[in-house]
Amino acid sequence: MKQLPPLPRPPARSLPSRLSCPQDERQPEMTRPAPEFLWYYVTHDGPYPWEPGGRRDIKLPDVKALASALDRLPYSGALLSTTGHNVWVTGIAAATVTQDFRPLLALRPGITSVTELANMAISFDDMFDGRLLINVINSETPVWRQHGIRLENDERYDLHAEYWEVFNRLVAGETVTYHGEYVDVENAAGNPWVAPKRDHIPLWFSGSSPKALDVAGRFADAYLTFAEPLGQLEKKTAAVRDRAAEYGRSPRIGLRASLIVGETDADAWRKANKLLASTSRSTLDRKLGLIAKGGNGGGTSVTQSRIFAHIPERGLAAIRAGDLPDARDLSHDENLWPGISLLQQGPPMALVGGYDSIVGRLKEYHAAGVDIFILDSMPLLEGAYEVAEHIIPALRDL
């Protein structure tokens, strides 16, 4: 396969946050920014949406209600998931009823031509005051094949590198001719009729394979990771920073975590047990099969496998035997619960605990370099208020 030379990227930009200092009051350059909080935004919602009985029938008024609430609460935006309605449709619906809310759209390269995606991004940014963020996702091989793209993991990251290089140039207003292995355009313009609102639309990346870390280091304005044991997370984010430094860049680090919270640890673990008990045998069996393959979409994922390795065998054995273990038998420690991967489609690790315990764990992640927290707690509307009232206030002055 043709190896393309590295192309330089400008330094990562500091993204605005309603929690950050105004332009004329910024702290010295070495001071870390205040933590930024985003929520999770998916139309596959409810108290336990992986089961039909726990899933809400989400329609446009519900989408607008959650967006309006997040705009008033201390969240700068939300990650819009590919589960449920199309992210562009949901993002537009949310943006039309908000003023500050920034939609972080989960997108894969190559599904849409790079020129058309640049057009969509420039148009969205122009209509909604420069609020667009893009979460670049890779997913697993079977998911890509659903879209007619037959590339394996490392090949997909070669696609990422070409695609996002051209995208960045298009949204900056360049006319681009580029002949690569996966992207081939001539005299391409993102939008000849609409001038870009800004010279760069932030790209947020994730991924744990060596190839993923290299591409993230080259392009990511923010690098996102699921909740993991602290030492494992620190090693991975250090690798991203090392890769980024080779390109003269310094991405922010974000944590993506589901929360199961309560007044006390005991309350939270009771909730976890209730979620486990509400999950059908068919869902548990299906998830056991996916975990055995090392992924969440029918394929293999380095990121998912890293977390599956922390599910205690005693809990998995009980489920295989037809029993329902206590939720703590599927926990890594007193708060990290990889057992959530047997239930939901989203993050494979949850933080379970009372308000004080969750605050303590998030402070540990912040001390390890995390400045962005993308959180959720089901149901999403009620959870957004609970976390805003009981978790975020203790973290705003870090």
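The values are calculated or read from the model by the stated rules, or taken from the named source; none is laboratory data. Computed from a predicted model, the values in this text were never measured in an experiment. Ideal geometry is used to build each Cβ from the backbone, glycine not excepted, and the neighbour counts take in all protein chains shown. Note: accessible area is taken over every heavy atom of the protein model, side chains too, but ligands, DNA and RNA are not part of it. Shrake-Rupley method; radii C 1.70, N 1.55, O 1.52, S 1.80 Å.
Could you give the angle, 0 to 90 degrees to the nearest 10, between helix 230-246's Cα long axis and the longest principal axis of the Cα atoms of the chain?
Taking the Cα atoms of the chain, the angle to 230-246 is about 0 degrees.
How are the C-alpha pair distances of region 24-116 spread across 5 Å bins, as whole percents from the shortest bin up?
The percentages, shortest bin first, are 3, 12, 20, 19, 16, 13, 9, 5, 3, 1, 0.
Work from the charge dipole of the chain (Cβ charges, +1 for Lys and Arg, -1 for Asp and Glu, about the Cα centre) and give the residue of LEU73, LEU117, SER341 farthest towards its positive end.
SER341
Hey, any idea what the orientation-averaged projected area of the convex hull of region 168-304's Cα atoms comes to, in nm²?
13.1 nm²
Can you count the Lys pairs in the chain with C-alpha separation below 30 Å, eight or more apart or on different chains?
25
Counting residues in region 282-398 as N, plug N into 2.2 N^0.38 Å and put the Cα Rg over that result.
Cα Rg divided by the expected 2.2 N^0.38 Å: 1.15.
Given a cut-off of 35 Å, what percent of all Cα-Cα pairs of the chain lie beyond it?
Percent of Cα pairs beyond 35 Å in the chain: 24.
How big is the charge dipole of the chain about its Cα centre, in debye rounded to the nearest 20, if each Lys and Arg gets +1 on its Cβ and each Asp and Glu gets -1 on its Cβ?
For the chain, the charge dipole is close to 480 debye.
Taking the alpha carbon gyration tensor of region 229-268, what are the square roots of 5 times its eigenvalues, largest first, to the nearest whole Å?
Working through the eigenvalues yields semi-axes of 33, 11, 5 Å.
Under unit Cβ charges (Lys, Arg +1; Asp, Glu -1), what dipole magnitude, rounded to 20 debye, does region 330-398 have relative to its Cα centre?
With only Lys, Arg, Asp and Glu charged at Cβ, the dipole is about 120 debye.
Tell me the angle of helix 153-171 to the major Cα principal axis of the chain, expressed in degrees between 0 and 90 and rounded to the nearest ten.
50 degrees
What is the local net charge at LYS287, summed over the other residues whose Cβ is closer than 14 Å to its Cβ (Lys, Arg +1; Asp, Glu -1)?
Overall, the nearby charge balance is +2.
For region 189-247, report the % of Cα-Cα distances exceeding 13 Å.
So the pairs more than 13 Å apart make up 64 percent of the total in region 189-247.
With both partners inside the chain, how many of the DSSP beta bridges are antiparallel, as a percent to the nearest 5?
Rounded to the nearest five, the antiparallel share is 15 percent.
State to the nearest 20 debye the size of the charge dipole of region 32-172 about its Cα centre, where the only charges are +1 on K and R beta carbons and -1 on D and E beta carbons.
340 debye
Roughly how many percent of the accessible protein surface of region 325-398 is carbon and sulfur, given a 1.4 Å probe and a whole-percent answer?
Heavy-atom surface of region 325-398 belonging to carbon and sulfur, 1.4 Å probe: 44 percent.
For region 31-174, just run the numbers: alpha carbon Rg, then divide by 2.2 N^0.38 Å, N being how many residues it has.
1.13
Can you pull the Kirkwood radius for region 67-140, inverse mean 1/r over Cα pairs, to one decimal in Å?
Evaluated on region 67-140, it is 12.7 Å.
Near ARG314, within a Cβ-to-Cβ distance under 13 Å, what is the net charge of the other residues, with Lys and Arg +1 and Asp and Glu -1?
Neighbour charge sum, excluding ARG314 itself: -2.
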